Amino acid sequence: MVENVSESAGGRAVLVTGAARGIGWAIARRFAAAGDRVAILDRGAGGVAGELVAGLDGAGHVVVEADLMDSEALPAAVDSAVEQLGGLDVLVNNAGVFVAHPITEVDYAAWQEHWRTTLGVNLIGAANVTWCAVRHMTEQGRGGRIVNVSSRGAFRGEPDVPAYGASKAGLNSLTQSLALALAPHRIAVSAVAPGFVATEMTTDWLLPPGGDEIRAQSPFGRVAEPGEIAEGVFYLASAQAEWASGAILDLNGASYLRS
């Protein structure tokens, strides 16, 4: 069997998009705590790079500033992260935008802009980062892991944020397509699909009374903490999860069940 750096946690080179806060930050911290080297790729993160690196356990972490909608800049950003990490074993596509745009309440210009930006970051940006990352993974010849952060909204529907739901459904399809395409290279591709998570992005949504209704969707009476999502991502990036390639792991506290 070909030697694979992903055979055990610790010492891996990990790239996480949108990792300056929220779920992405929890994911970066989880990998760093296991002894992995983490590259944070985030828009506008350059100004707080030192603080972000200092907030992670271990050493060898880096911050790369890039806008996922800037397709021309992404290859250089990924190349820089890989060069500084000394390779690439795990990619986590976490970056995303979630902004309300109910079809009956926004004008046509706003409707178009929300679709352009949401798909541009959540789906096209993830696809472009993946293309760049796969070039490095295949050249290394030691396999790897790609984990995409999707959403229960891909299945449940998002009436107030339809572009978000559509982008995550597309991300699920991308996950399964690439699971088939990249298996011959020993690159496993999977996804997690959280429900609501307590982050800065959802603060307004979780305020009462609407937030009480959201928490009541789960029989646990709460929403997820970022660290709970990070644990799922960490498992799917492990050597033991190769057979989970193509899987979409629901992490929604039984707030939406499917079979």
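The values are calculated or read from the model by the stated rules, or taken from the named source; none is laboratory data. Note that this is a predicted model, so its numbers are computed, not measured. When we count neighbours, we look across all protein chains shown, and the Cβ atoms used for this are built from the backbone with ideal geometry, even at glycine. Note: areas computed on protein heavy atoms with side chains; ligands, DNA, RNA excluded. Shrake-Rupley method; radii C 1.70, N 1.55, O 1.52, S 1.80 Å.
With the full set of protein chains in place, find how many percent of the accessible area of the chain is carbon and sulfur; take the probe as 1.4 Å. Could you put the intermediate results ahead of the total?
Details: 6370 of 11610 Å².
Its accessible area is 55 percent carbon and sulfur atoms.
First select every other residue whose beta carbon is under 13 angstrom from the beta carbon of residue 122; then total the charges, Lys and Arg +1, Asp and Glu -1.
Net local charge, residue 122 excluded: +1.
Per-residue counts of other Cβ atoms within 10 Å, averaged by peptide: what ranking do you get for 49-57, 103-111, 125-133, 235-243, highest first? Provide the component values of the computation, followed by the final result.
Values: 49-57: 14.8, 103-111: 9.9, 125-133: 21.8, 235-243: 17.3.
Answer by packing, highest mean first, reads 125-133, 235-243, 49-57, 103-111.
What FRET efficiency comes out for the pair residue 80/residue 117, r = Cβ-Cβ distance, R0 = 22 Å, nearest 0.05?
0.35
How far is helix 22-33 tilted, in degrees, relative to the longest principal axis of the Cα atoms in the chain, given as a value from 0 to 90 rounded to the nearest 10?
In the chain, helix 22-33 runs at an angle near 30 degrees to the longest axis.
Please give me the summed charge of the neighbours of residue 245: other residues whose Cβ is under 12 Å from its Cβ, Lys and Arg +1, Asp and Glu -1.
Local net charge: +1.
Taking the chain as a Gaussian network, where each spring joins two C-alpha atoms under 10 Å apart, which residue of 98, 234, 220 fluctuates the most?
In the Gaussian network model the winner is 220.
Suppose all protein chains stay in the model; what accessible area per residue would a 1.4 Å probe give for region 20-76, in Å²?
The answer is 46 Å² per residue.
Can you give the angle from 0 to 90° between the axis of helix 226-236 and the longest principal axis of the chain, with both taken from C-alpha atoms, to the nearest 10?
Once rounded, one gets 50 degrees.
What number comes out for the charge environment of residue 191, summing +1 per Lys or Arg and -1 per Asp or Glu over other residues with Cβ under 13 Å away?
Summing Lys and Arg as +1 and Asp and Glu as -1 gives +2.
Quick one: angle between helix 162-182 and the longest Cα principal axis of the chain, in degrees between 0 and 90, rounded to 10, please.
Taking Cα atoms only, the helix is inclined about 30 degrees.
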